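The structure appears below as structure tokens.
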Amino acid sequence: MAPLFGPPGELSEFRGRFRWVALFVILVFAGLLARAAQLQIFEGYEYVERSRHNIERTREIPTARGVIRDAEGQLLAYNTPAYTAYITPEFFDIAEDWPTVVRYLDLGPERAGKLRERLTRLQGLKRYQPYPVAENLDDRQLALLTAHHAELDGLSVEEAPMRVYPLRQLAAHVLGYLNEVSEAEIERHRAEGYRYLPGDRIGRTGLEAVWERELRGTRGRVTVIVNAKGVEKGKDPFGAAGGRRYEIEPVPGNDLILSLNARLEAIVDQAFRGHPAGAAVVLDARTGFVLAMYSKPSYDPNAFIQGLSRADAQVLEQNPFLPLHDKTAMDHYFPGSLFKPFAALAALEQPAMLEPGDLFDPAARFRCEGAYELAGQRFRCTKVHGLVDLHEAIVQSCNVYFFQLARRMGIDRLAQVAREFGFGEKTGIALSKEVPGLVPDKDWYRSRPEYGFQYRVGYALLAAIGQGNTKVTLLQLAAAYAALANGGYLYRPQLVKEVLYPDGRVRMSFAPELVRRIEMTPENQRKLVDALRGVVEAPQGTAHDQWTPGLEIAGKTGTAEVARRRRDRVHRRRDQRSTEERYRERDHAWFAGFAPADDPEIVVVVLVEHGGYGGRYAAPIAVEIFREYFKRIAPR
Amino acid sequence: MPLDSAPGRRRRLTLDLPLVMAVASLGVLGLLNLRSAVSVVNLQFYETQLTWFGVGGLTALVVWLVDHRVFLRYSYAAYGLVVLLLILVLAVGRQANQATRWLLLGPVSIQPSEFMKLALILCIARIFHGDVRPEPRTLRDFLLPAVLTAIPTVLVLKQPDLGTALIYPLILVSMAMVLRVRARSVLLAFGGLLASLPLAWSSLHGYQRERVVTLFASLFSSERLDVQDAAWQTTQSKIAVGSGHIFGKGFLHGTQNQLGFVPFQHTDFPFAVWGEEHGFVGSALLIALYLFVVLWALRIAARARDRFGALVAVGVAAMLFWHVAINMGMVLGLLPVVGVILPLFSYGGSSVLANLVGVGLLLSIAAHRAAAPWEGLGPRHGL
């Protein structure tokens, strides 16, 4: 420093003080230097890392979900290009810009409120992931967002494929639908190694849910450089990422090829015209592959993709015909007379089980006088059939004949045969929420408090005609009738024939899956098939009205009681009930059959809910399906 | 210049080369750094700043040529004029960033609070210059300077501009060190300052308090508090400087700066840009340059032959010192975020001009050493 001493007096005194002032200045600057050294040298690496973290953003590259095709290659579910508006919550000013976004995207108050809540919650998480706020933008919305993009920080528009179900209501229950993945599901899938992000769609029901992991595909990932507002600035504009870039190419999902036939599905739908509720299953009798699965009423899965409004969802949930239910597998019913062939087979295959001294002879005739008395209780028949043998009993659907059989065999034998044909257990078709149905036996009654833990012979009588407590699904019936038709091969119903890689290579291929071989002699099978043919062909057959030359249909009609007869009679007297109430007490109409009878190709099971008499209401539908199938799908 | 020198004794005008070179270096580096800082904001700012450097440099040369004692005469007038401008600012000033700091004069906007610093230095220097009593001063003797400091302080706080307002009292205190003050008065002043802290705290704006709180939180806790706005600025500024590491990321390559993570990078945080792009080496160089300039200004003060020159030199040194110390302390996360510029680095014509004129004053003081003995100069001699 310069000489600090000068002339005496105040000025020279403060010159002396300058040393201290200078020292103070030096110390302060040394402190700054030390702090710079701390930040830049000692903690430098940490800050280098943090500055890199600031600008590096891992961007997910969307993948394409696999498509679903029917047996003929027709698309049942595919993706269409669409634009989605995303908001990155961390960069978005909810208070200021949300109302504008709501206006541009025409969001309803309900949806806007829900989304705002969600965005606010995500904002706290600091995940910097764009969240989809509106999908399938129309031209106007797209133009608005593009024009005002610069003013709305955190908003982005990206191409995101939309799922489309071209058949709409048709086969909706089989295909299922997608909707938004929940936070809990994200966690669960993460634990299993699958990455989902908020706003992702996940298969919710049907094949979309069951085959989610095949269909979904894998997202790609790329690290990009973003500025403080999250706007992408290319891959590495400043060389700051130092060549560190992780790029994973997206892998599209695999495609499903179904055994289902969309044209047949439409044929079934056409056949059900005029009936508000019902269901049908068409199986390949030789393999168990499903050709059609139909449940009416249905819903449009396309509506679920964008998230159903609460009002729309309520309409669906409150519809008395349960459109969301897959009636082919999610619901079970009394099989009614459709059970009789199995009861007959139980007797034919093991006559020795019948009571000693009353050896059962299939040729034996029982007299039907319109009802059967047991322990003071009357079990009614459909009419007075007179003397009938097994063949005639099936053709004319005589209950009394089967009461006699059941009386002699007991319920356990019936249950045994029923279980062999797959009743009482899920078919395992790999659709969610399949029900097993119920095959009651003595032990079952003895375990039920509502029956006083007691078994009565009367229960066997009811079981033989598919009433009482026997409950089956359409799918079970179809598989069981297929087994009757093909000589005892019970196949598991299957929907998916192949899973293909995106490039078309086969990833999985499914062969018919035999559940079990059911013991039956060719003669017995012959007898049953003949009887089932008689149902349609014989003049007294319950479905004779539907006899069509050239179609060799073997089948069985059924009428399953829904309401108790006695109450019915009371009600009939004072007829103040609504149409709907009366409708709901009407019997279910059934038909199950296969064709051609000698060399069965397909099995058709038809249920018309509250349709009434099976021969009159269900058989025509089934016959129309057979007719159209052999005319248009597989002409011979 | 009647009192400069007697006829025939006129000395050759000298130029303080070390100071000029140091300041020129700072100016060049400051301009380069600003070029980088505004490359993402608006390159127009860089050109404007260049113009102001030209204007400021020329003005400094003129000031250097003029004997600094001339300014003694006009100090009150200058003070009065700038106070008037400050009042005008509050009345019709231009608003930006929620503060009203600028006056629009045709195509240029000026910030009178910057010029107030110089006016205050001259004003206080004049008062102290005229007070040549040998006995130690008491608090009463500082009443007039304190009032003259308080007026602009309050006016600038109204804008509001806490950073600049803070500088005025600091200049006063720094310049008071030239005088002999009773020890009791010093203690009393400090005591009063401490006692008034709660009052000061309560008069702070909410966001200002938040800044102070987050600063202390970040100094004493390892928790990452970068959620709030104030902490965000400090955090990003620290990340910028720290990530410069030893040699920096290179000119125009600071990601924190270029991608907008450093807030107010061209006004309050140019040192963050500098530290990021030039590393510890750059930071050390810059700190050394500022240290040199401040010490050199003190040296000029110490070598001044007249009280007024010494006082003005101390004032300019204090102005530079406090700006650098507070600004760098803020960028390095040692002080709360207050809007204090970094001399010659921050964007702003008025501040560039004021600082360069300050340097011009230093040059003038260094050049015009009184021919007569310093004791001989004083109010009694007609000043």
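The values are calculated or read from the model by the stated rules, or taken from the named source; none is laboratory data. As the structure is a prediction and not an experimental result, all values here were calculated from the model. With ideal geometry, Cβ positions are generated from the backbone for all residues, glycine too; neighbour counts draw on all protein chains shown.
Observations on the structure shown:
- Test: residue in segment B:70-86 that is within 20 Å of the chain's Cα centre (by Cα), within 15 Å of B:Phe345 (Cα to Cα), in a helix (DSSP H, G or I) and touching a residue at least 40 places away in the same chain (Cβ under 8 Å): no
- Taking strands (runs of 3 or more DSSP E) as the structural unit, those lying wholly within segment A:362-433 and holding at least 1 residues that are touching a residue at least 60 places away in the same chain (Cβ under 8 Å) and not acidic (Asp, Glu) correspond to A:371-374, A:377-380.
- Scope segment B:249-261; condition under 22 Å from B:Trp232 (Cα atoms) and within 9 Å of chain A (Cβ to nearest Cβ); matching residues: B:Lys249, B:His253, B:Gly254, B:Thr255, B:Gln256, B:Gln258, B:Leu259, B:Gly260, B:Phe261
- Candidate set from segment A:47-75 (those that are out of contact with any strand residue (DSSP E or B) (no Cβ under 6 Å at 6 or more places or on another chain) and within 14 Å of another protein chain (Cβ to nearest Cβ)); member that is nearest to A:Arg140 (Cα to Cα): A:Asn54
- Only one of A:Ala143, A:Ala150, A:Ala95, A:Ala112 that is assigned to a helix (DSSP H, G or I), hydrophobic (A, V, I, L, M, F, W, C), farther than 18 Å from A:Ser182 by Cβ and under 33 Å from the mean Cα position of the chain (by Cα): A:Ala112
- Qualifying residue in segment A:76-97 (condition: at pLDDT 90 or above and either within 14 Å of another protein chain (Cβ to nearest Cβ) or touching a helix residue (DSSP H, G or I) at 6+ places or on another chain (Cβ under 7 Å) (or both)): yes
- Test: residue in segment B:264-274 that is at pLDDT 85 or above and small (Gly, Ala, Ser): yes
- Here A:Glu552 fulfils each of the conditions (1) part of a helix (DSSP H, G or I); (2) within 28 Å of A:Leu345 (Cα to Cα); (3) modelled with pLDDT of 90 or more apart from (1).
- Counting only residues that are surrounded by 15 or more Cβ atoms within 10 Å (Cβ to Cβ) and more than 8 Å from chain B (Cβ to nearest Cβ), segment A:16-30 holds 0 of them.
- Residue list for segment A:523-544, restricted to those being within 28 Å of A:Ser259 (Cβ to Cβ) and not in a loop (DSSP other than H, G, I, E, B): A:Gln525, A:Leu528, A:Val529, A:Leu532, A:Arg533, A:Val535, A:Val536
- Candidate set: segment B:325-340, residues that are within 8 Å of chain A (Cβ to nearest Cβ) and among the hydrophobic types (A, V, I, L, M, F, W, C); chosen: the one nearest to B:Leu122 (Cα to Cα): B:Ala325
- Across segment A:488-522, the number of residues qualifying as part of a loop (DSSP other than H, G, I, E, B), more than 20 Å from A:Leu207 (Cα to Cα) and either in contact with a Gly (Cβ under 9 Å, 6 or more places away or on another chain) or hydroxyl-bearing (Ser, Thr, Tyr) (or both) comes to 4.
- B:Phe280, sole failed condition from (1) in contact (Cβ under 8 Å) with a residue 24 or more places away in the chain; (2) closer than 26 Å to B:Met116 by Cα; (3) at the interface with chain A (Cβ under 10 Å from one of its Cβ atoms): (2)
- The residues of segment A:545-560 that are in contact (Cβ under 8 Å) with a residue 60 or more places away in the chain and surrounded by 16 or more Cβ atoms within 10 Å (Cβ to Cβ), listed by number, are A:Gln546, A:Leu551, A:Ile553, A:Ala554, A:Gly555, A:Lys556, A:Thr557, A:Gly558, A:Thr559, A:Ala560.
- Residue among A:Leu142, A:Leu122 that is out of contact with any Cys (no Cβ under 7 Å at 6 or more places or on another chain) and crowded, with 18+ Cβ neighbours inside 10 Å: A:Leu122
- In segment A:49-71, the residues that are part of a helix (DSSP H, G or I) and either surrounded by fewer than 20 Cβ atoms within 10 Å (Cβ to Cβ) or charged (D, E, K, R) (or both): A:Glu49, A:Arg50, A:Arg52, A:His53
- Selection from segment A:600-622 of residues that are touching an Asp or Glu at 6+ places or on another chain (Cβ under 9 Å) and either of a type in the set (D, E, K, R) or closer than 15 Å to A:Gln270 by Cα (or both): A:Glu601, A:Arg616, A:Ala619, A:Pro620
- Number of residues in segment B:291-307 that are touching a Gly at 6+ places or on another chain (Cβ under 9 Å), assigned to a helix (DSSP H, G or I) and more than 8 Å from chain A (Cβ to nearest Cβ): the value is 2.
- One residue stands out among those in segment A:294-341 that are closer than 30 Å to A:Gln416 by Cα and surrounded by fewer than 23 Cβ atoms within 10 Å (Cβ to Cβ): the one that is modelled with the lowest pLDDT, which is A:His325.
- In segment A:407-424, the residues that are closer than 13 Å to A:Leu490 by Cα, out of contact with any Ser or Thr (no Cβ under 9 Å at 6 or more places or on another chain) and not β-branched (Val, Ile, Thr): A:Arg419, A:Glu420, A:Phe421, A:Gly422
- Some residue of segment B:101-115 being surrounded by 21 or more Cβ atoms within 10 Å (Cβ to Cβ) and within 14 Å of chain A (Cβ to nearest Cβ): no
- Within segment B:115-142, residues that are more than 17 Å from B:Leu170 (Cα to Cα) reach partners that are part of a helix (DSSP H, G or I) and aromatic (Phe, Trp, Tyr) with beta carbons closer than 8 Å, at six or more positions or on different chains, in the pairs B:Arg126/B:Tyr76; B:Arg126/B:Phe308; B:His129/B:Phe308.
- Every pair of residues 6+ apart whose Cβ atoms lie under 6 Å, when the first sits in segment B:159-180 and is within 12 Å of chain A (Cβ to nearest Cβ) while the second is of a type in the set (Asp, Glu): B:Arg180/A:Glu10
- Of all residues in segment A:283-315 being among the acidic types (Asp, Glu) and over 15 Å from the mean Cα position of the chain (by Cα), the one that is nearest to A:Ala209 (Cα to Cα): A:Asp312
- Residues (of a type in the set (D, E, K, R), buried (at least 24 other Cβ atoms within 10 Å of the Cβ) and over 22 Å from B:Thr149 (Cβ atoms)) located in segment B:303-357: B:Asp306
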